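A.B. asks: Got a structure for you, questions after.
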Amino acid sequence: MSYLIAVTGKGGVGKTTVSALLIDRLIKRNFKPVLAVDADPNTCLDALLGVVARQTVGGIREEAREIAGKGMSTGISKQELLEMKIAECLVEAENFDLIAMGRPEGPGCYCYANNVLKSVLTEISSHYPYVVLDNEAGLENLSRRIVQNVDTLIMVTDPSRRGLETVARLHSLAKEMELKYNRLAIFVNRLRKNELPEYVSQIKTETGADMVIGLPEDTELAELAETGQSIEALSSNNPVIRHLDEFLAKAGVI
Ligand SMILES: Nc1ncnc2c1ncn2[C@@H]1O[C@H](COP(=O)(O)OP(=O)(O)O)[C@@H](O)[C@H]1O
Ligand SMILES: [Mg+2]
């Protein structure tokens, strides 16, 4: 069984940054290979991890729909063909593999292809001790039931009151959707002072979050975004990395 970490939150709060750094920290501790799932249609986890996702599952879904519609006259089954296609999307790096979902569904029925995607993800996930899922804003992917049982659900926010209110809203949504998770952690990112905003305690109670982690505003991370470099370029004593190490230890993930 693999351990699934899913990272959610509104747009631009640091989900992809946190996902990439967590993947890196897991690898550094020898918890590998990690499966990185980029579930944001704007595919950018690959760049932060220093790889390139040339094909996305979204693109293949389009093909899958045609396959499902036409039926196949070759010897292989539709399921096998789709599995092969999805395997083509897997980017293999030394310590992790990455699969990018690409654009979401267009018009028409994708149920069949979506179900295949779900079963293939479940199947390939079992080969990895850790799976990290970087989501688009909101809970779209989780609501499509692409993953069902999350071990640690991370909700990332900025320190603003509105950001924290979004966390509470996401939590209500997760509850409505009956999303199963064992642990909820709220990450308050880009703190300019070395303390959490007061309002956090209310949100922690409201959501029943197990942990609240503060991550500092960091110039190295900001520069990384400007230059488009991967997280390899960060110094080993980067304060955000330090906080994530503490989180992994505290959360009992490793
Ligand atoms: N702790 C931080 N300090 C400075 N910049 C950060 C920090 N966390 C994220 N960023 C920057 O914020 C921007 C959005 O981050 P990103 O991870 O892409 O957000 P999301 O995936 O939620 O849309 C990026 O330019 C990133 O470098
Ligand atoms: Mg992102």
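The values are calculated or read from the model by the stated rules, or taken from the named source; none is laboratory data. Since we're looking at a predicted model, the values are computed, not measured. For neighbour counting, all protein chains shown are included, and Cβ atoms are generated from backbone atoms with ideal geometry for every residue, glycine included. In case anyone asks, the SASA skips ligands and DNA or RNA and just uses the protein heavy atoms, side chains included. Shrake-Rupley method; radii C 1.70, N 1.55, O 1.52, S 1.80 Å.
A.B. asks: Share of the chain's accessible area from carbon and sulfur, percent, 1.4 Å? Don't skip to the end; give the middle numbers.
C.D. replies: Details: 5850 of 12400 Å².
Solvent-exposed carbon and sulfur of the chain make up 47 percent of the total.
A.B. asks: From zero up to wherever the largest Cα-Cα distance of the stretch 1-61 sits, split into 5 Å bins and tell me the percent of pairs in each.
C.D. replies: Taking every Cα pair in the stretch 1-61, the percentages come to 4, 15, 29, 23, 20, 8, 1.
A.B. asks: Can you pull the one-decimal nm distance between simple spin-label points at Ala87 and His127, each 7 Å off the Cα toward Cβ?
C.D. replies: 0.8
A.B. asks: Right, here's the next one. Where does the longest stretch of the chain lie that holds no trypsin sites (Lys or Arg not before Pro) found in a DSSP loop with 11 or fewer other Cβ atoms within 10 Å? Each step should come with its number before you reach the end.
C.D. replies: Numbers: sites that count: Arg54, Arg192, Lys193.
Result for the longest clean stretch: 55-191.
A.B. asks: Here is a follow-up. Hey, which lysines would be in cross-link range of Lys204, C-alpha to C-alpha under 22 Å, not counting anything within fewer than 8 residues on its own chain?
C.D. replies: In chain and number order, the partners are Lys10, Lys15, Lys175, Lys180, Lys193, Lys250.
A.B. asks: Also, quick follow-up: For the chain, report the accessible area per residue in Å² (1.4 Å probe, heavy atoms, rounded to an integer).
C.D. replies: Per-residue accessible area for the chain comes out at 49 Å².
A.B. asks: Same structure, new question: Just flag the GluC sites (Glu not before Pro) in the stretch 169-254 sitting in loop per DSSP whose Cβ has no more than 14 other Cβ atoms within 10 Å.
C.D. replies: On the way: sites: Glu176, Glu178, Glu195, Glu198, Glu206, Glu217, Glu220, Glu223, Glu226, Glu232, Glu246; in loops: Glu178, Glu195, Glu198, Glu217.
The qualifying sites are Glu178, Glu195, Glu198.
A.B. asks: Based on the alpha-carbon gyration tensor of the chain, what equivalent-ellipsoid semi-axes (square roots of 5 times the eigenvalues) come out, in whole Å, largest first?
C.D. replies: On the way: eigenvalues 205, 84, 51 Å².
Computed over the chain, the values are 32, 20, 16 Å.
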